[in-house]
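In what follows, a single structure is set out as structure tokens and then discussed.
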Amino acid sequence: METSVVDVPERGRFEIRLGERVVGLASYHVDNGQMTLPHTEVDPSMGGRGIGTALVEGVLNAARERGLTVLPYCSFVRRHILQNPQFLDLVAVDDRPHFGLETADR
């Protein structure tokens with residue numbers, strides 16, 4: 001069964017679905033060209049299948065498509081950015097020290 005990442009703006013979150021079943025979510029808020037990402041969660045029964053990674057990449061790709069920068073308050077999102085520097089440019093240079101990302105591009 002295929003997974004899909006779906007924006008549900010009226011609920012302030014992206015959902016990752018396995019078929020029609022919601023198996024994870026990433027809450028967000030957009031203001032002044034920035035997407036704040038405070039929290040992600042994945043159904044514990046789905047752990048170890050890359051669901052969280054697919055969710056975060058879907059969210060970060062959506063931010064890029066919309067021309068937004070991100071504020072990765074969620075530790076899972078921050079860790080993903082650290083491990084995948086192609087997403088580092090989504091965090092404004094001035095915001096990187098706050099999130100421990102100041103040396104991530106070195």
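The values are calculated or read from the model by the stated rules, or taken from the named source; none is laboratory data. The model shown is predicted, which means the values in this text are computed figures rather than measured ones. Note that each Cβ is placed from the backbone with ideal geometry, even for glycine, and that neighbours are counted across all protein chains shown.
Residues in the stretch 19-41 that are more than 23 Å from residue 90 (Cβ to Cβ) and either modelled with pLDDT under 95 or surrounded by fewer than 16 Cβ atoms within 10 Å (Cβ to Cβ) (or both): 19, 20, 21, 22. When the stretch 1-14 is limited to residues that are touching a residue at least 24 places away in the same chain (Cβ under 8 Å) and within 13 Å of the chain's Cα centre (by Cα), the one that is surrounded by the most Cβ atoms within 10 Å (Cβ to Cβ) turns out to be 14.
Pull up the stretch 61-106, narrow it to residues that are of a type in the set (Gly, Ala, Ser) and part of a loop (DSSP other than H, G, I, E, B), then point me to the one that is modelled with the lowest pLDDT. My answer is 104. Could you look through the stretch 53-100, keep only residues that are among the polar types (S, T, N, Q) and surrounded by 14 or more Cβ atoms within 10 Å (Cβ to Cβ), and pick out the one that is nearest to residue 4 (Cα to Cα)? Filtering the stretch 53-100 for residues that are among the polar types (S, T, N, Q) and surrounded by 14 or more Cβ atoms within 10 Å (Cβ to Cβ), the one nearest to residue 4 (Cα to Cα) comes out as 53. Picking from residues in the stretch 42-52 that are outside any loop (DSSP other than H, G, I, E, B) and exposed (fewer than 15 other Cβ atoms within 10 Å of the Cβ), the one that is farthest from the chain's Cα centre (by Cα) is 45. Scan the stretch 57-78 and tell me whether some residue there is over 26 Å from residue 95 (Cα atoms), β-branched (Val, Ile, Thr) and touching a residue at least 40 places away in the same chain (Cβ under 8 Å). Taking every residue of the stretch 57-78 in turn, none turns out to be over 26 Å from residue 95 (Cα atoms), β-branched (Val, Ile, Thr) and touching a residue at least 40 places away in the same chain (Cβ under 8 Å). In this structure, is residue 58 modelled with pLDDT of 95 or more and closer than 26 Å to residue 21 by Cα? Spelling it out, residue 58 is indeed modelled with pLDDT of 95 or more and closer than 26 Å to residue 21 by Cα. Against the definition (over 17 Å from residue 1 (Cβ atoms) and assigned to a strand (DSSP E or B)), how does residue 37 come out, yes or no? Spelling it out, residue 37 is indeed over 17 Å from residue 1 (Cβ atoms) and assigned to a strand (DSSP E or B).
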